[in-house]
Amino acid sequence: MSSFPLLWVLLLLWVWSEAIANANNDYEIEGSNIECPILNSKIVVNIGAIIDLSSRVGKEQKTAMEVAMEDVNRQSCYKLALNFNNNTHGNPSPTILAADFANNKEVQVVIGTKLDASTLFHSIDESSKDVPIISLTSTASPEITPIPLPHFIQMGNDVTFHMHCIASIIHQFNWRKVTAIYEHNNFFASHSEILTRLSYSLRLVNAEIDHYVAFPSITTTLSNPIESYIEQELVRLKNKSNRVFLIIQSSLEFATLLLEKAKQMGIMEEGSVWIIADDVATHLDSLDSSVMFNMQGVVGCKTNFMEMSETFKRFKFMFRRKFGLEYPEEENSQLPSIFALRAYDAVWTITHALKKSQGNFSLSENILHSNHEGLSGKISFKDKMLLEPPTFKIVNVIGKGYKELANWSPGSGFSENLVENMVVNTRRTSRAGSARVLLGSVDWPGGLKTVPKGWVYNSTEGRPLKIGVPAIDPCPQFVNVSHDKRLNETQFTGFSINVFESVVKRLPYHLPFVFVPFYGSYDQIVEQVNNKALDAAVGDIQVVEHRYAFAEFSHPYVESGIAMVVKVKPDRSKETWMFMDAFTKEMWMLMAVMHLFIAFVIWFIEGENNSELKSLGAILWFSVTTLFFVHREPVKSNLARAVLAPWLFAILIVTSSFTASLSSMMTVSHLEPSVPDIQTLLRTNAIIGCNKNTFLVHYLVDELKFQPENIRVFDSIHDFPRAFENKEIVASFTIAPHADVFLATYCKGYIKAGPTLKLGGLGFAFPKGSSLAIDVSRATLKAIETGEVQKLEEKMLSTTNCGSTNSKIQNEQLGPQPFFGLFTICGAIGLFGLLVTIVHFVKRNAQTFMNYISLLQLQRALQIMQIVEGIHPITMS
């Protein structure tokens, strides 16, 4: 009885082994039924394999190739022999090992990672350069980096696709700067190629690499633990402003260690963004919960492959069994990645090429002519690289796993359905909108649900930004610094302050700042900014390069220049016929025609029964007197009164408008500047005024050539009126926005004279090379485009006495347009009265008209008879 359970165990083991054998026999990919050229014989083919068994990827590739070798040896007439040469610590380099394989004629084909084609070309003997060498490393397109070795085949996709995918994510969330992180000497492409392609992809979406960090390979720092090096670099990254981190090239082991340290140091918190490339994202299915805990909120690009196919399921079963037995320490991560699938497909691609090599083509040429479906996708080549571009799943790590957000392909961008993404390529116009929807449910680091800004302001001292504000400004409406004794605090108000606060709200990150009053000139405040005693300056700072060449300015929020303001005097030469300018020519003609028409209608209606309005002279006099409402001729007919009443109302409206227009023209329109231009001031050696603590004094002397003794300086623009009245100055010079405020405050008696001298505009000052200047410029443009700056300007001017400036001569004549409605009513009523009068006249004289018509007809008939008799005379017989 004791042997009975043992028999059951043996029976179960036998059944299990049979199932495994059946699974092995069932696993055939398309084209694997290869007939042997010699019956019952096996052709031995040696394959050299160069991998890094210290990495997760190397272990997967070794296992996958061994599974493929067993399948090939069982199903074909070839016996493959894998010769592994472990490159655990990169000494010697994998490229040298591959060259040794080829030169010593030990193998017929080489498969490896981290192989450099240029080095191989110089290391392989001329007689050995026909040995096919298959690289499993993704690299740049041969168009970018030409491959000199004729039989060097890259069984990997162009790394540019990976970078385009990452750049598309950056673009969708409107980040402009990123920090690139990579590990040296891993199984991916060289870091220089990666950075070049990433930089190119980011430029296409108006973004850039703000900073990059290169870490040594985790396998080459055993004597000097890499943990301390990672911590040092993360401290530097934490002190920088950028918070969008891209791990563009890394082994799984390094990435898990880096993210663990970042989690401990608080860099994976709210506001941060971490994006991983395919070399890490493809292993997310195999990571345990402790590793996933350190990756919460990470977004990745994971190469897509058909995981639901029967061939993949059978391969996964064999892979997990073999991988678990050989590497028990990886018990929680036994799922194959895309790198394992490509290693498996590489062995089968060689097998298919061996069958075809019985003809005239070489083995490498037959490999390049491959055209079959592998586990990793379509296996076909162009320019010695996989032809079919990859598609990616955009994944987001959350909890113990990850969720799929969208799919991405080079041709169609983001989509929800992969098949739709690959086939339907006509909806490009809605791609950006759909991408925002698909990527809108991301769980970011720190549990943040809203999109991080990707940037924070970090100062070395952890203090807010110090913004210098001129304490004494010539125009308080722009900048005003006052002290509130009740609250015991300094208050900063004005148009420029409001614009700066509006701009800061539009920055893509939070910017803490504090205003600091500055007692000095504009030149001095800009010098303080340049010396970094202040972080920035807000005020009416002119963007003049030759004056402030040492400072960085944002985009001007108000276009500016230098304006000359003078007193006004009336222009008597234009007053003789001024009244004619109140109306346009069209208005005068329309008034004359309408007036004569109404007078004619009144005469036609009243002429028969009103003796005072029978003559032409009387009706003309009547039309004149109605203009002044002094007509004495009685209007007896109700119909005439109906016609005249609306016209009298129209005359009242028109004369009132005429009076208002003429008054405005007499007080404003024909006022001319007391001094026409700058040349007159220079010629007459006139005394002028300007604001002190500005660049104006230097500009007036150095550029406009005024004598220094002829310039008077004033603290404020509101000191100018007193100086004008006391005849201390003939003209004042100030920046154009200040001139507009002055003219809006002092509405009468002053005007701009001569052209405005353009000199940039009002902007914010930053130290030379400051990255804030670019960001503030973009935010300023947004504030201008949305109309926010214009609203603030209108609000500022609304508090002045006039609410607007009168610096421009206004000479707008009244045309007929405002009176069309009124004239139409009057004309329609007049026409109606005329038609009614005509109808009544015809009715009263109908019989007379009929008799007259009959008489005309009789006379016509007699004339006809006379004509007939003259042609045919009547003779007597």
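The values are calculated or read from the model by the stated rules, or taken from the named source; none is laboratory data. Just so it is clear, the structure is predicted and the values come from calculations on it, not from any experiment. Quick reminder, even Gly has a Cβ in these numbers, built from the backbone with ideal geometry, and neighbours come from all protein chains shown.
Of the listed requirements (1) surrounded by 17 or more Cβ atoms within 10 Å (Cβ to Cβ); (2) assigned to a helix (DSSP H, G or I), GLY48 misses just one: (2).
Quick grid of which residues meet (1) over 25 Å from the mean Cα position of the chain (by Cα); (2) modelled with pLDDT of 90 or more; (3) closer than 30 Å to ILE134 by Cβ:
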site	(1), (2), (3)
PHE392	no, yes, yes
GLY413	no, no, no
LEU418	yes, no, yes
PRO464	yes, no, no
ILE472	yes, no, no
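Assess whether LYS114 counts as being assigned to a loop (DSSP other than H, G, I, E, B), at pLDDT below 80 and in contact with a helix residue (DSSP H, G or I) (Cβ under 6 Å, 6 or more places away or on another chain). Criteria met by LYS114.
Scanning region 228-275 for residues that are free of Cβ contacts under 8 Å to residues at least 60 places away in the same chain and either acidic (Asp, Glu) or not in a helix (DSSP H, G or I) (or both) yields GLU231, GLU233, GLU260, MET265, GLY266, ILE267.
Within 60 Å of the chain's Cα centre (by Cα) and either part of a helix (DSSP H, G or I) or modelled with pLDDT of 75 or more (or both): is that true of LEU822 in this structure? Criteria met by LEU822.
When the residues of region 18-58 are filtered to those that are of a type in the set (D, E, K, R) and under 26 Å from ASN104 (Cβ atoms), which remaining residue is modelled with the highest pLDDT? Looking at residues that are of a type in the set (D, E, K, R) and under 26 Å from ASN104 (Cβ atoms), I get ASP52.
The selection criterion, being outside the structural domain of ASN366 (by TED's automatic domain parsing), under 37 Å from the mean Cα position of the chain (by Cα) and either over 15 Å from LEU252 (Cα atoms) or surrounded by fewer than 24 Cβ atoms within 10 Å (Cβ to Cβ) (or both), does not hold for PHE315. Considering only region 337-359, state which residues are part of a loop (DSSP other than H, G, I, E, B) and in contact (Cβ under 8 Å) with a residue 12 or more places away in the chain. Passing the criteria: SER337, GLN358.
Yes or no, residue by residue, for (1) part of a helix (DSSP H, G or I); (2) out of contact with any Pro (no Cβ under 9 Å at 6 or more places or on another chain); (3) surrounded by 15 or more Cβ atoms within 10 Å (Cβ to Cβ); (4) not basic (Lys, Arg):
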{"residue": "CYS301", "(1), (2), (3), (4)": "no, yes, yes, yes"}
{"residue": "MET308", "(1), (2), (3), (4)": "no, yes, no, yes"}
{"residue": "THR311", "(1), (2), (3), (4)": "yes, yes, yes, yes"}
{"residue": "LEU325", "(1), (2), (3), (4)": "yes, yes, no, yes"}
{"residue": "LEU335", "(1), (2), (3), (4)": "no, yes, yes, yes"}
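Among the strands (runs of 3 or more DSSP E) confined to region 675-790, the ones with at least 1 residues that are of a type in the set (Val, Ile, Thr), at pLDDT below 85 and within 44 Å of the chain's Cα centre (by Cα) are located at 750-767.
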